[in-house]
Structure formats: C-alpha cells, structure tokens
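Enquirer: One structure, as structure tokens, below. Some questions next.
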Amino acid sequence: MSKGKNGRLRRKDGVWDPLKTSSADKQRAESVPRTPQSMSPSYRLAYADEDFLCREELRPIRLQLELLKTEMSLAERGIKSTVVMFGGARIPAPGANAWAARNDVQRANLEAASVYYEEARKFARLCSRYSAGFDFHEYVVVTGGGPGVMEAGNRGAAEEGAPSIGLNIVLPHEQAPNAYVTPELSFNFHYFAIRKMHFMVRAKAIAVFPGGFGTLDELFECLTLIQTGRMERLPLILFGEKFWRNIINFEALAEFGTIAPDDVNLISFVDTADEAWKIVADFYEHDNGHHDNGH
C-alpha cells in the first residue's frame, strides 16, 4: 500500500483501498499489552495463527495456499513455460563421492552414472540458452530442488546466467535446496499433489534421468496424464535407454494388452543432451534455436 495524491491509499495494482491492510493489523495485534487475554491462543488473528492453520480441518486451506504461493510467484516473475527435469538425488557429479552407496556394487554403479549428471547439466544449459531469447520467460528449467540430477539441472541453468526453479518437499531426512536454485524461485511443499501440479502446469518438455521410486513416480504420473488425454502430448524424454529398458519392459505391457501398442511411442529415448534438445526443437519446429511457433 502506498500513499497517492490527496492522501488516498492505493494498492500496488493502482486500486484505491481505504481499508487497513492485514499486515498492518498483524503488527498492531503483536504490539498490544501482554495480558492473560491477549496472550491466549484464541486472541490471535486467525490468518496469523500457525497452530490454527495447521489444524486438520484447515487442510483445504493449506492445499490452496501451496497452490497459490508458487503460482503467484511464477506469474509475477513472468514465467510462461518450463522444461521439467526429473532424476535421482543419489547420482553424484563426476569425481564426487557416491554418498548414497550402501555397498561396492552400488558405489560402482552410482559413480558410473555420473555421466547423467553431466548430460543433465548440459541439457539445462541448452534449454537456458534458448530461454535467453525469451528474456527467460519460456523454457525455464525446473527441478525438485535437491541434489544429484536436480542439482545438475539448476547448475546448468546458473552457468548460462539463467534463473531456474526448485520445488523441494519436506522429507524425513534433511534435504536443503541445492545451491544453484534461484533463491526467489526456491519453493518448499508439504503436499506431494500440489508439487506435482506445479511441475506440470507450465511444462513444455519433460526429461527423466535414471532414478529411484520418486523418479519412477513422476515418470508414470506424466505418462498417465498424456496417455489419458488429460495433458497435451509433449516431448517426454528418457535419458539412458539401457537403464530404462533394463528396469521397465514397456513392450511387454503392450504385448500383454494393458496399454495400447502406440502408447510406447509416447516416450523418446536418448543418451545425450544434444539428442534431447533436438527432440524438443523438432517438436516445436524451432528455427535453428531462435524462434518458437507458439506451441
């Protein structure tokens, strides 16, 4: 709220509003004399009462708040489309310690998987380089905000001077946002469902790198949305064809009849960032990486 001519109060959007703001009243309420009455939880302003907001009955409000906070921040930043990057938190950068390994076999596999860290980093750089032509409003990289492949995605964007988004979630083990997420685009969630919505609502392409249960969850969520027509078809790119074909037999699903034969074509397999970017560029008919046809 700011003062305009004739002492009138106007909101940031220019609308005149003579009412006191909720933030001003919150400050006033906090400055009242401390008495048994004012110190009672019942006296707290409802919107400033964290204990009240965390009650079971307020779950619908909390769901709405998690949807609104991130949506409003991205809209105010002018972010219109994203490239989503999923992948394992346990995959280390080349030469880094495979901290998640529980035995020698896992250590060897995770260290070898560091190639995906590098490809994720490069793919994010390619996306961000193209995003620069749209003042970083289109093709903005978004990850889960954690380590491993997620860190690589945010890191690649940062190396191009581009903003990137991190959608963290509260987990039993400590998971701080990686250092490459743009601070004002670093979000934290309680509800997996709302986090999933924010991954999808602006997605122009989805790149999935080797990972565990969480990565598989996101992959099949995307596949289901596209297969059922609840989401427009877009490039759904799996990095590491050998890995994916070893753990999921998509053709067996089609042969058994639980998916349509053509459903396997919803997925593209690649091994390099250049291959992945070509799929995106061809899908949206980019002209040498400089134009976008509005898809």
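Enquirer: Shape call for the range 15-55 from the C-alpha gyration tensor, a ≥ b ≥ c root eigenvalues: rounded (a/c under 1.5), prolate (a/b greater than b/c) or oblate?
Expert: oblate
Enquirer: Peptides 226-234, 276-284, 184-192, 15-23: what's the order by average Cβ count within 10 Å, highest mean first?
Expert: The most tightly packed comes first, giving 276-284, 184-192, 226-234, 15-23.
Enquirer: Please report the spacing between the Cα centers of the range 150-180 and the range 11-31 in Å, no decimals.
Expert: 34 Å
Enquirer: What accessible area per residue, rounded to a whole number of Å², is obtained for the chain using a probe radius of 1.4 Å?
Expert: Here the residues of the chain average 58 Å² of exposed surface.
Enquirer: Provide the gained length on full extension for the span PHE283 to ASP49, in nm with one decimal, where the gain is 0.36 nm per separating residue minus the Cα-Cα distance.
Expert: Working it through step by step, the gained length comes to 79.4 nm.
Enquirer: Let me ask something else. Of all DSSP beta bridges in the chain, what percent run antiparallel (nearest 5)?
Expert: So the antiparallel bridges amount to about 10 percent of the total.
Enquirer: How much mean residue ellipticity at 222 nm does the chain get from its helices, if each DSSP H run of length 4 or more adds -39500 (n - 2.57) and you divide by all residues, to the nearest 500 deg cm²/dmol?
Expert: For the chain, the value works out to -12000 deg cm²/dmol.
Enquirer: Right, another one. Which value, in debye to the nearest 20, gives the size of the charge dipole of the chain about its Cα centre, when Lys and Arg are +1 and Asp and Glu are -1 at the Cβ?
Expert: I would put it at about 1580 debye.
Enquirer: So, how do all the Cα-to-Cα distances of the chain break down into 10 Å bins, in percent, from 0 on up?
Expert: The distribution over the chain is 6, 23, 28, 21, 12, 7, 2, 0, given as percents.
Enquirer: From the protein chains alone at 1.4 Å, what is the descending order of accessible area for CYS54, CYS222, largest first?
Expert: CYS54, CYS222
Enquirer: Specify whether the C-alpha gyration tensor of the range 156-217 places it in the rounded, prolate or oblate class, a ≥ b ≥ c being the square roots of the eigenvalues: rounded for a/c under 1.5, otherwise prolate if a/b is larger than b/c and oblate if not.
Expert: Taking the square roots of the gyration eigenvalues as a ≥ b ≥ c, the range 156-217 is rounded.
Enquirer: Same structure, new question: Which percent of the accessible area of the chain is formed by carbon and sulfur heavy atoms (probe 1.4 angstrom)?
Expert: With neighbouring chains kept in place, the figure for the chain is 53 percent.
Enquirer: In whole Hz, with x marking every Gly and Pro, tabulate ³J(HN,Hα) for the range 69-77 from phi via Karplus 6.51 cos²θ - 1.76 cosθ + 1.60, θ = phi - 60°.
Expert: Those phi angles translate into 4, 5, 4, 5, 5, 5, 5, 5, 7 Hz.
Enquirer: Another question, then. Sorted by packing (mean other beta-carbon atoms within 10 Å per residue), highest first, where do 196-209, 136-149 land?
Expert: 136-149, 196-209
The values are calculated or read from the model by the stated rules, or taken from the named source; none is laboratory data. It should be emphasised that the depicted structure is a prediction, and the values quoted were computed from it without experimental measurement. Cβ coordinates were reconstructed from backbone atoms using ideal geometry, including for glycine residues, and neighbour counts include every protein chain displayed. Ligands, DNA and RNA are stripped out before the accessible areas are found, and what is left, the full protein with its side chains, is counted by its heavy atoms. Shrake-Rupley method; radii C 1.70, N 1.55, O 1.52, S 1.80 Å.
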